[in-house]
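Beneath this line is the structure, given in structure tokens, with notes to follow.
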Amino acid sequence: MSNSTWKRISSAGLSAVILAGLLAGCNSGTNTSSSSPSSTAPSNSSSGSAGGSSSASSEAPSQAVPTLPLSEPVTVTIFSNFNAKFVGKVENYNDIPFVKWWSEQTGATIDFQTVANEVWNEQFGLKIASKDLPDVFNGVGPYTGGDLQALKDGVIVSLTPYMEQGYMPHLSKFYETFPRYADMARTSDGDYLNVPNIRGYGENLNSNGLVVRKDLLDQAGLEVPTTIEEWDAALRAFKTMGVIPFSPRDNKWLNTNMPFISAWNMTYFEYQDNGTVKYGATQPEFKEYLQLMHTWYDEGLLDPDYLTSDTKTITAKVSAGLVGSYVGAAGGNLQNPWYAIVEENVDSPIEYIGAPVPTLEKGATPKIGPRYDEYTANNGFYMSSKCANPEAVAMVLDYMYSEEANRALFFGVEGTHYNLTSDGLVDAYEKQADGSYKSMGDSWKPGFGDAGPGYLVGILDYANKTILDPTGSKVAVPMPLGDNPDALALKKRHIDEVRQEALSLWASFEAVNRVPALNYSVEDAQARADIYKDIETYVYEGVTQFIMGQRDLDTFDAFAAEIQAMGVDKAMAITQKYLDAQNGK
Amino acid sequence: MAKTSTSPGTKAKSESVLMVRLKDHFKMIRRDIHVNKHIYLIALPMIIYYIIFKYVPMYGIQIAFKDYNLIKGISASPWVGFKHFIKFVNSYYFVRVVKNTFMISFYGTLFAFPAPIIFALLLNEIRSTKFRRTVQTITYMPHFVSTVVVCGMIHMFCASDGFLGVAVANLLGTEAKNLLMNPKYFRTIYILSDIWKNIGWNSILYIAAILGIDQAQYEAAVIDGAGKFAQAIYVTIPGIMPTVIIKLIFRMGEMMDVGFEKVFLLYNEATWQVSDVISTYTYREGLLNMNYSYSSAVSLFNTVINFVLLWTTNFISRKVSETSLF
């Protein structure tokens, strides 16, 4: 097993995890920044032992700015939702080894106040109404009007002064090196409000996609479907084999992960066509889509219970081998149900593999697909207006953008959770007496999955999979192994091959028809949201009725006309205005 | 009293009469508290509960007429008059949520309200005490099962491979479909499961009322030649009528209140057209979108309608049957 590359993480890859290195590649799509990897490389060898102070002081413009660790004891309270990935593994983010390490390195007592995801919106409102604000909000998504309104209402404060005074050297350097992200994070007034959560680029933005049962395809003598026509054939074959041919989680899932609508190069809602904003549900092609979905539903090719399903029911069905295809996520539903299968029975023929974004014509490149934004407003750390020690808190938050913190987020501490080999590779596994390997990182991320504390919002929140480094070589992140050594071999192959392939297949589209994240003003954002809120409800309901045959497709024109009557043009005009501005029109 | 008279003597006299009456009244209350102090003690937690959880929060109702800002707080937020009420009445889904709320409640009153009464009447005819107790215990057990669990069971039963889903399909001779995805069945499922959950519990009150009927009336009825059925019609039902009417008045006061939990747990896009009710709408607007003022306005609107209904029913009842709440 020692030849398995997945265990070994090249130092170039390490630089990739370090933001500076990672993001160099996407600055302009090419490798223009050679300074970045070279500047990060030396510090790799001294990782783990390095505190924040060494790199911070060298960058800090002002002499007066103190260095980390803080000399005075400071408590930083962070109000945060609790990622479902951690449920059942830790009680609170405070129990995560990384957070303890973060506290030690910065000399601050970091105290997360976490609430379950399901009640996050309610609890967020209660928190603000209680006036007992924390020092830091981990995301302000539930606030009506978002971060801009929160700033206006005095819930949060701008970080710009602290950056200017040199309390946030790492973040400043990051923005300096990658102005592209600075542009995304900066408000129209020129303020930086958060320590952002940058998702990365490339395949990191595509973690969802179609998954099919390979063994059933082989049995039917079919290739992995790439067009709607081939999907039709595959689903029909699955039907004859007695499994549920396709199981979307629910109606919203059917849209947001765009398993099939993307074949028409649109979404249910807003999308763009050469710079013109359009609304999917009012387009004539949308009727074709509905017709197809209705046929599939009617003939039992869609899970008859999909509207009442949730992640748990789908996972249970997938683990039981009852589903022919579904929408999976790398690091989650793509492999976890299957891991359960092989852990139980290594000889199980069931195998799930990724399928590309489907198209109408064979060989065409889809113009849209499921994709996350690189930067999402309202995520990341925001400093509250009641923050007692803003300077110290700014420094503690800024530390998340240091190389050490980034590396620790994924691999842990050198010497304890991974070793650097003589040729500069990271080896996170120890050979045991019986010849098997044991993950050293387990104590760092007990059962969290591939990314470990990487799920903790901060930076690279979602790196639960591979990350591209500037030189283009792939970095695999260790995974929990389980007990069954035979299953382990299968899982390794899965990580190495199946998941890699799925990720590249899912990213096999150009997102040209996608409306990018735009910096709306508070008023425009509100006006747009007010219109779209009712329309979205109407669209979801209408789509469901069409698919289930409760509404005749002949009434599609009336359906589209109703959306027009609800003022879709007004909302689209707002988007158009900002899109034009971004396109430099 | 003595409105037209301006004589100071009469006025003083009338005042003193009033004072004496009040004093008497307080004295009576004091004596009553002294005599029945344990009963008052038992009532105290309830009185405190109502003050803390029902009266004090009424202060917050004002946010329905304000643009409530979390940071500024209730009193500092600007007044906007009926803005939020107008927005609700003009909103796209206004007619639908009001209609759905009313329809679910109306059918609930039509079917779920009489069910425990009929059940109590039937139970009353069972002579074996052991059997009656057993039936009673079994039927009121579901009341203690949490709504979330009940809805989980409904989801399973109504799935395309659930026993109800299959049973209905076999009955109609169609392919098995998920019943919860069909808007035609939503209200039926909602109300039937409601009856199942609450029939035993709600019948307790009626059973108690039946037990309170004077046995002499039955004896008289038997002498007059009344059979079991006639006894039920002419003795039992009139005997429990005051209880029924009071319960009905209460029910009217809840006419526009359809519990949030159960609808929320059972509805989906396919049934929104019949299942989206005021409370789920308020939840989405208020707690999910943080439009607190707006959702307060919607709730207040709802409460006012409920109050009007309650008052009207009470008024009619007082005129017609002389049984009323107030």
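Taking the condition of being of a type in the set (Ser, Thr, Tyr) and surrounded by fewer than 18 Cβ atoms within 10 Å (Cβ to Cβ), how many residues in the stretch A:349-374 meet it?
At the first step, the residues of the stretch A:349-374 found to be of a type in the set (Ser, Thr, Tyr) are A:352, A:359, A:365, A:372.
Then keep just the ones that are surrounded by fewer than 18 Cβ atoms within 10 Å (Cβ to Cβ); that gives A:365, A:372.
Of the residues in that region, 2 qualify.
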Open item on the list: With open to solvent by 10 Å² or more (accessible area, probe 1.4 Å), within 21 Å of the chain's Cα centre (by Cα) and more than 14 Å from chain B (Cβ to nearest Cβ) as the only criterion, which of A:Thr282, A:Thr311 stands out?
Closed with: A:Thr311
Task: Of all residues making up the stretch B:249-263, the number that are among the hydrophobic types (A, V, I, L, M, F, W, C), modelled with pLDDT under 90 and not in a loop (DSSP other than H, G, I, E, B) - done: 4
Open item on the list: I want to confirm something. Restricting to the stretch B:169-212 and keeping residues that are under 22 Å from B:Thr109 (Cβ atoms) and among the charged types (D, E, K, R), which single residue is least open to solvent (accessible area, probe 1.4 Å)?
Closed with: B:Lys197
Open item on the list: From the list B:Ala232, B:Ala226, exactly one residue is in the same structural domain as B:Val97 (by TED's automatic domain parsing) and outside any loop (DSSP other than H, G, I, E, B). Which is it?
Closed with: B:Ala232
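Hey, can you tell me all the residues within the stretch B:155-180 that are part of a helix (DSSP H, G or I) and more than 10 Å from every other protein chain (Cβ to nearest Cβ)?
Within the stretch B:155-180, the subset part of a helix (DSSP H, G or I) is B:155-158, B:163-172, B:179-180.
Across the stretch B:155-180, the qualifying residues are B:Phe157, B:Phe163, B:Leu164, B:Val166, B:Ala167, B:Val168, B:Ala169, B:Asn170, B:Leu171, B:Leu172.
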Task: So A:Glu374, is it more than 21 Å from the chain's Cα centre (by Cα) and touching a residue at least 60 places away in the same chain (Cβ under 8 Å) - done: no
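With the requirement that a residue be within 22 Å of A:Glu391 (Cα to Cα), assigned to a helix (DSSP H, G or I) and open to solvent by less than 40 Å² (accessible area, probe 1.4 Å), what does the stretch A:97-126 give you?
From the stretch A:97-126, those within 22 Å of A:Glu391 (Cα to Cα) are A:99-113; that's our starting set.
Pick out the ones that are also assigned to a helix (DSSP H, G or I) and you get A:99-106.
If the condition is that a residue be within 22 Å of A:Glu391 (Cα to Cα), assigned to a helix (DSSP H, G or I) and open to solvent by less than 40 Å² (accessible area, probe 1.4 Å), then A:Val99, A:Trp101, A:Trp102, A:Ser103, A:Gln105, A:Thr106 are the ones that fit.
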TODO: Check the stretch B:74-90 and report whether any residue there is open to solvent by 40 Å² or more (accessible area, probe 1.4 Å), of a type outside the set (Gly, Ala, Ser), in contact with a strand residue (DSSP E or B) (Cβ under 7 Å, 6 or more places away or on another chain) and free of Cβ contacts under 8 Å to residues at least 40 places away in the same chain.
DONE: yes
TODO: Evaluate the stretch B:277-291: report whether one residue or more is within 26 Å of A:Arg551 (Cα to Cα), within 12 Å of another protein chain (Cβ to nearest Cβ), open to solvent by 10 Å² or more (accessible area, probe 1.4 Å) and out of contact with any Phe, Trp or Tyr (no Cβ under 9 Å at 6 or more places or on another chain).
DONE: yes
Open item on the list: Against the definition (surrounded by fewer than 21 Cβ atoms within 10 Å (Cβ to Cβ) and at pLDDT 95 or above), how does A:Asp183 come out, yes or no?
Closed with: no
Open item on the list: When you scan the stretch B:262-271, do you find a residue that is within 14 Å of chain A (Cβ to nearest Cβ) and without any contact (Cβ under 8 Å) to a residue 40 or more places away in the chain, even just one?
Closed with: yes
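Would you say A:Gly458 is at pLDDT below 70, within 23 Å of A:Tyr143 (Cβ to Cβ) and touching a helix residue (DSSP H, G or I) at 6+ places or on another chain (Cβ under 7 Å)? Before you say what the answer is, go through the steps one by one.
On the way: at pLDDT below 70: yes; within 23 Å of A:Tyr143 (Cβ to Cβ): yes; touching a helix residue (DSSP H, G or I) at 6+ places or on another chain (Cβ under 7 Å): yes.
Criteria met by A:Gly458.
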- [ ] Please indicate, with yes or no, whether at least one residue in the stretch A:164-178 is more than 21 Å from the chain's Cα centre (by Cα) and β-branched (Val, Ile, Thr).
- [x] yes
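I'd like to know if the stretch A:201-223 contains one or more residues that are closer than 27 Å to A:Cys387 by Cα and of a type in the set (Gly, Ala, Ser). Before you say what the answer is, go through the steps one by one.
Step one: filter the stretch A:201-223 for residues closer than 27 Å to A:Cys387 by Cα, giving none.
No, the stretch A:201-223 has no match at all.
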TODO: Give the residues of the stretch A:321-348 that are without any contact (Cβ under 8 Å) to a residue 24 or more places away in the chain and buried (at least 19 other Cβ atoms within 10 Å of the Cβ), sorted by residue number.
DONE: A:Pro337, A:Ile341
Task: Matching residues in the stretch A:110-150 - criterion: being more than 11 Å from every other protein chain (Cβ to nearest Cβ) and touching a Leu at 6+ places or on another chain (Cβ under 6 Å) - done: A:Asp147
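Do we find that A:Tyr306 is crowded, with 24+ Cβ neighbours inside 10 Å, under 24 Å from B:Ile154 (Cα atoms) and of a type in the set (Ser, Thr, Tyr) in this structure?
In short, yes.
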Task: Wholly enclosed helices (runs of 4 or more DSSP H) of the stretch A:214-305 bearing at least 2 residues β-branched (Val, Ile, Thr) - done: A:228-240
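If I filter the stretch B:161-176 for residues that are under 21 Å from the mean Cα position of the chain (by Cα) and assigned by TED's automatic domain parsing to the domain that holds B:Ile240, do I get at least one hit? Show your work before the answer.
We begin by selecting, within the stretch B:161-176, every residue under 21 Å from the mean Cα position of the chain (by Cα); these are none.
No, because not a single residue in the stretch B:161-176 is under 21 Å from the mean Cα position of the chain (by Cα) and assigned by TED's automatic domain parsing to the domain that holds B:Ile240.
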Open item on the list: Condition first: in contact (Cβ under 8 Å) with a residue 40 or more places away in the chain and open to solvent by less than 30 Å² (accessible area, probe 1.4 Å). Now tell me which residues in the stretch A:549-577 satisfy that.
Closed with: A:Leu553, A:Phe556, A:Phe559, A:Ala560, A:Ile563, A:Val568, A:Ala571, A:Met572, A:Ile574, A:Thr575
Open item on the list: Whether any residue in the stretch A:479-495 is acidic (Asp, Glu), within 30 Å of A:Leu254 (Cβ to Cβ), modelled with pLDDT under 85 and out of contact with any strand residue (DSSP E or B) (no Cβ under 7 Å at 6 or more places or on another chain) is what I want to check.
Closed with: no
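Please enumerate the residues belonging to the stretch A:515-560 that are of a type in the set (Asp, Glu), more than 17 Å from A:His294 (Cβ to Cβ) and within 12 Å of chain B (Cβ to nearest Cβ).
Here is the first cut: in the stretch A:515-560, the residues of a type in the set (Asp, Glu) are A:523-524, A:530, A:534, A:536, A:541, A:552, A:554, A:557.
Subset that is more than 17 Å from A:His294 (Cβ to Cβ): A:523-524, A:530, A:534, A:536.
Residues satisfying the conditions are A:Asp530, A:Asp534, A:Glu536.
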Open item on the list: So in the stretch A:151-162, with the set limited to residues that are touching a residue at least 60 places away in the same chain (Cβ under 8 Å) and crowded, with 19+ Cβ neighbours inside 10 Å, which one is farthest from the other protein chains (Cβ to nearest Cβ)?
Closed with: A:Tyr162
Task: Pairs where the first residue, in the stretch B:105-131, is outside the structural domain of B:Thr236 (by TED's automatic domain parsing) and small (Gly, Ala, Ser) and the second is open to solvent by 60 Å² or more (accessible area, probe 1.4 Å) and not in a helix (DSSP H, G or I), C-beta under 6 Å, 6+ apart - done: none
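The values are calculated or read from the model by the stated rules, or taken from the named source; none is laboratory data. Predicted model, so just to flag it, every value in this text is computed and none were measured. Cβ sites come from the backbone with ideal geometry, for glycine too, and all protein chains shown count toward neighbours. Just the protein is used for accessible areas: all its heavy atoms, side chains included, with ligands, DNA and RNA removed. Shrake-Rupley method; radii C 1.70, N 1.55, O 1.52, S 1.80 Å.
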